[in-house]
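Report on the following structure.
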Amino acid sequence: TQLLEQSPQFLSIQEGENLTVYCNSSSVFSSLQWYRQEPGEGPVLLVTVVTGGEVKKLKRLTFQFGDARKDSSLHITAAQPGDTGLYLCAGVVTGNQFYFGTGTSLTVIP
Amino acid sequence: EAQVTQNPRYLITVTGKKLTVTCSQNMNHEYMSWYRQDPGLGLRQIYYSMNVEVTDKGDVPEGYKVSRKEKRNFPLILESPSPNQTSLYFCASSLVRGRSPLHFGNGTRLTVT
């Protein structure tokens with residue numbers, strides 16, 4: 001049983017399009033992190049959200065933590081080929097244990 | 001440069017032949033962890049360590065061992081590898097578990113035939 005479900009699993013879009021990736025759970029998280037992983041490398045942290053309803057922006061990426069702290073979304077505006085990669089959400093639960101989502105593989109076509 | 005170093009990057013072995021994947025971090029992090037990454041399953045935690053001489057099972061510990069004799073090193077040991085342990089393995093560390101970001105190594109791709 002996967003604690004965190006991400007959707008979509010795969011996404012292929014044209015350069016310049018917008019997209020949203022979702023990370024959902026029935027569990028409440030004390031915080032949630034988003035990572036990006038490129039081929040041949042380990043995941044790298046993009047952002048941490050802590051407060052329900054929190055919105056954080058990182059250039060063209062907008063991250064939102066759900067009000068009930070059970071879900072999160074990542075929105076990318078005007079996607080670029082450099083955004084290509086595997087996006088992973090990771091929730092922190094009681095005991096400070098990390099649980100990773102299933103991942104969303106994004107391909108941005110020039 | 002702050003980093004987590006795993007070795008080897010690629011490893012092909014046969015069933016039953018003991019192997020060790022090394023992991024070292026130079027950031028003085030307390031928390032270290034091993035994950036395996038499989039298609040459609042995401043990252044699953046194998047073992048973790050809160051500090052020296054303190055280790056605990058993650059979600060998929062069967063068939064693996066770890067040790068934490070020094071703060072910087074956290075090797076993953078497969079005493080008798082089997083084909084279902086073919087996977088991409090990542091070591092990660094953080095300053096404090098759950099309260100600071102995870103820093104990952106570049107992965108070890110293991111194939112057991």
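Here are the numbers:
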| read-out | value |
| --- | --- |
| Ratio Rg/Rh, restricted to the protein assembly as shown and using Cα atoms, in which Rh is the Kirkwood radius | 0.97 |
| Average accessible area per residue (Å²) across segment A:51-98 - probe 1.4 Å, nucleic acids and ligands excluded | 45 Å² |
| Average beta-carbon neighbours from other chains, 10 Å sphere, peptide B:59-69 | 0 |
| Between segment B:1-76 and segment A:33-110, the alpha-carbon center distance in angstrom | 23 Å |
| Rel. contact order, % - alpha carbon contacts under 8 angstrom, at least six apart, chain B | 36 percent |
| Ranked packing of B:13-24, A:33-44, B:46-57, B:86-97, most packed first, by mean Cβ within 10 Å | B:86-97, A:33-44, B:46-57, B:13-24 |
| J(HN,Hα) series, segment B:25-39, from Karplus relation 6.51 cos²θ - 1.76 cosθ + 1.60, nearest Hz, glycine and proline x | 10, 10, 10, 6, 6, 7, 9, 9, 8, 10, 10, 10, 10, 10, x |
| Using θ = phi - 60° and Karplus 6.51 cos²θ - 1.76 cosθ + 1.60, couplings along segment A:67-81 (whole Hz; Gly, Pro as x) | 4, 8, 6, 10, 8, 8, 9, 10, 10, 10, 9, 6, 4, 10, x |
| Share of carbon and sulfur in the accessible heavy-atom surface of segment B:1-92 [1.4 Å probe, %] | 50 percent |
| ³J(HN,Hα), Karplus 6.51/-1.76/1.60, whole Hz, each residue of segment B:42-56, x for Gly, Pro | x, 9, 10, 7, 9, 9, 9, 9, 7, 5, 4, 6, 10, 10, 8 |
| Shape category assigned to segment A:67-109 from the gyration tensor of Cα positions, a/c cut at 1.5 | prolate |
| Where only C-alpha atoms are counted, convex hull volume of segment B:1-99 per residue in Å³ | 103 Å³ |
| Percent RCO, i.e. relative contact order, over chain A, from Cα pairs under 8 Å lying at least 6 residues apart | 37 percent |
| Rough spin-label spacing in nm, given labels placed 7 Å along Cα→Cβ, for A:Leu58 and B:Asn73 | 3.3 nm |
| Averaged over A:42-55, number of beta-carbon atoms from partner chains that fall within 10 Å | 3 |
| Share of carbon and sulfur in the accessible heavy-atom surface of chain A [1.4 Å probe, %] | 51 percent |
| Rounded to 5, percent antiparallel among DSSP beta bridges of the protein assembly as shown | 90 percent |
| Accessible area that becomes buried as A packs against B, both chains, 1.4 Å probe, Å², nearest 100 | 1600 Å² |
| Prolate/oblate/rounded label for chain A (Cα gyration tensor, a/c 1.5) | prolate |
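The values are calculated or read from the model by the stated rules, or taken from the named source; none is laboratory data. As the structure is a prediction and not an experimental result, all values here were calculated from the model. All Cβ positions, glycine included, derive from the backbone under ideal geometry; neighbour counts span all protein chains shown. Accessible surface areas use protein heavy atoms only, side chains included; no ligands, DNA or RNA. Shrake-Rupley method; radii C 1.70, N 1.55, O 1.52, S 1.80 Å.
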